[in-house]
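First the structure, in the form of structure tokens, and then the observations on it.
The values are calculated or read from the model by the stated rules, or taken from the named source; none is laboratory data. Owing to the predicted nature of the structure, the values given are computational and were not obtained by experimental measurement. Note that each Cβ is placed from the backbone with ideal geometry, even for glycine, and that neighbours are counted across all protein chains shown. In case anyone asks, the SASA skips ligands and DNA or RNA and just uses the protein heavy atoms, side chains included. Shrake-Rupley method; radii C 1.70, N 1.55, O 1.52, S 1.80 Å.
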Amino acid sequence: GDNVEDEWFIVYLVREITREFPGLAARIDDNDGEFLLIEAADFLPKWLNPENSDNRVSKAAVPVGKWLATAFPTISHALTLLSSRSEEFLAAEPIRTAVYKRISGYPEKIQASFHRAHCYLPAGIVAVLRQRPSLVAAAVQAFYLRDPVDLRACRSFQTFPPDQRVMTVVTFTKCLYAQLVQQKFVPDRRSGYTLPLPSHPQYKAYELGMKLAHGFEILCSKCSKVSPDSKRNVLSGPLWERFLSSLKEKSYFKGEMEGSAKYLELLHMAEDYFQQSVTKPESSVEVSPGDEILTLLQTTTIDLKEFEREAACLPPEDDDSWLEITPDDLDQMLKEARNESPPSSNEEEQKYDLEAVAESMKAFVSKVSTHEGAEMPWSSDESHVTFDVDSFTKALDRILGADSEELDSDDLDEEEEFDFSDEDDEDFDAENQRQDQKVSPNELIGSLKSYMKEMDRELAHTNVGKSFTTQKKGASSVNATASQNAGPDSGAEDTELTPVDVDMNLVANLLESYSAQSGLAGPTSNILQSMGVHLPENADHIGSNKGARE
């Protein structure tokens, strides 16, 4: 079902099997795909993606053909490589660590996933669970995924009527218990299942038993119906004869006289069970849970008085406070999942370096971004950014050095409007010729910087320019600021502009955005947490709220 721990327990079992038998190879996936690779996604090489991950865990240490990084191998090819060069296909240490962390603690960890609870159940269900405790999973799933058609069978309860119920202890997994207890459900009045008042000390046991009984009844209503013709064909061979002889040797018919009503009833149940097993010979597990429950009901003795004696001295049920998770508990679980150590309670140790925030954001911006996402600063790719001067120069030529014949219609209209003379045309041609001459990269970069400086001067007197925090300087900076405030005609153009403090503006904007999140998830916290930077809560905001409440 929805219990992901069941998947990881299967991973543990398969790993132990392949360790015990080195000649075996195994592959495990689910409806999400290669979930082992999903678990280790933070440590996978860049060449691996969902399109080429089938039938593989890792790329060979020594390449064996181009197909390794471009396509996925076939089953036979992968098995051949594993059998001949298994050492070279061992996954990297971080990948194995991520996967093995999920299966650490087994098999002792199994007991921690159980939850024992009191349930008020029909005696038939108690007898069935004594024989097959695992059927509780199928019953919970049947109730959890019920539909209106399933509930039709729960109006009369032909298999598990509510008149003979006893208190018992049922062992669930925590996932199954949560699915059962969290569902709100009111039984049909015609079913006969009634609940005491919520204040009743055993209300939860009554409610759990009622829900579980609905699940068992739904399973039995879905049991297979075998046609008489197919049954006669299956029951006419020597296999059936041997099966019938085995039942008689094990006293299946309980000494009933052959041909009696009770004997025939048991015989029909055995025929149905045998027919199911023969039609699906690959495994006896293929028998539906409903058929198995009905078979167990016929072969198991139900001692109601014994169940009532046991109900008088039941062991206490487990505490289910683990169902309630506070926001702090959730944060702690997320930090443990990210391998983060909990913060220290000492205020002196809780010093948040704002320079680290700025540097992390700069590192994030400098990384490569594609349609598949952006690389985080902690990515394994730590190669330095290269700068190709020739490519940069050609790009600027295309932007700033347009030829005269590339002028658009607006430029031609301006020429007609201003009625340029022949001398102006000659000057214009000479200017174009000078632009066509080879310009060195340093001159081009210097020209670009001058353009940017002029733009800064114009923006300095606007609201956009005033919104930025500038770097602190000495008295010269004060004089420059005074001259700028005097207006554009006061000679401010000749003074040196105070550089913008990029780090200060970046941190201020991040903190403003983080504060606007009000403790909820948002773009700022998501980006910073992905880079390993965790900002504290806004103490001023918390203090103001506390004062308002007081």
Ala98: in a helix (DSSP H, G or I) and either farther than 30 Å from Leu37 by Cβ or touching a residue at least 60 places away in the same chain (Cβ under 8 Å) (or both), yes or no?
-> no
Identify all residues within segment 111-139 that are in contact (Cβ under 8 Å) with a residue 40 or more places away in the chain, out of contact with any helix residue (DSSP H, G or I) (no Cβ under 7 Å at 6 or more places or on another chain) and open to solvent by 20 Å² or more (accessible area, probe 1.4 Å); write none if there are none.
-> Phe114, Arg116, Arg130
Residue pairs meeting the criteria (Cβ under 7 Å; at least 6 apart or on separate chains; first more than 17 Å from Thr295 (Cα to Cα) and assigned by the TED database to the domain that holds Leu235, in segment 256-269; second of a type in the set (A, V, I, L, M) and open to solvent by 80 Å² or more (accessible area, probe 1.4 Å)) | none
Among (1) under 18 Å from Tyr206 (Cα atoms); (2) out of contact with any Pro (no Cβ under 8 Å at 6 or more places or on another chain), where does Thr171 come up short?
-> (2)
Please find, within segment 284-307, the residue that is nearest to Met269 (Cα to Cα) out of those that are open to solvent by 100 Å² or more (accessible area, probe 1.4 Å) and assigned to a helix (DSSP H, G or I).
-> Val285
Long-range neighbours under 7 Å by Cβ, at least six apart or interchain, first residue over 16 Å from Met504 (Cα atoms) within segment 455-470, second in a helix (DSSP H, G or I) and open to solvent by 80 Å² or more (accessible area, probe 1.4 Å) = Arg457/Glu493
Which residues, taken from segment 20-36, are without any contact (Cβ under 8 Å) to a residue 40 or more places away in the chain and open to solvent by less than 60 Å² (accessible area, probe 1.4 Å)?
-> Ile28, Asp30, Gly33, Glu34, Phe35
From the list Glu249, Glu217, Glu241, which one is at pLDDT 80 or above, in the same structural domain as Tyr193 (by the TED database) and of a type in the set (Asp, Glu)?
-> Glu217
Determine whether Lys225 is modelled with pLDDT under 85, within 17 Å of Ala153 (Cα to Cα) and surrounded by fewer than 15 Cβ atoms within 10 Å (Cβ to Cβ).
-> yes
Matching residues, segment 101-138, being among the basic types (Lys, Arg) and assigned to a helix (DSSP H, G or I) = Lys101, Arg102, Lys109, Arg130
Looking at segment 71-92, is at least one residue under 21 Å from Arg309 (Cα atoms) and surrounded by 14 or more Cβ atoms within 10 Å (Cβ to Cβ)?
-> no
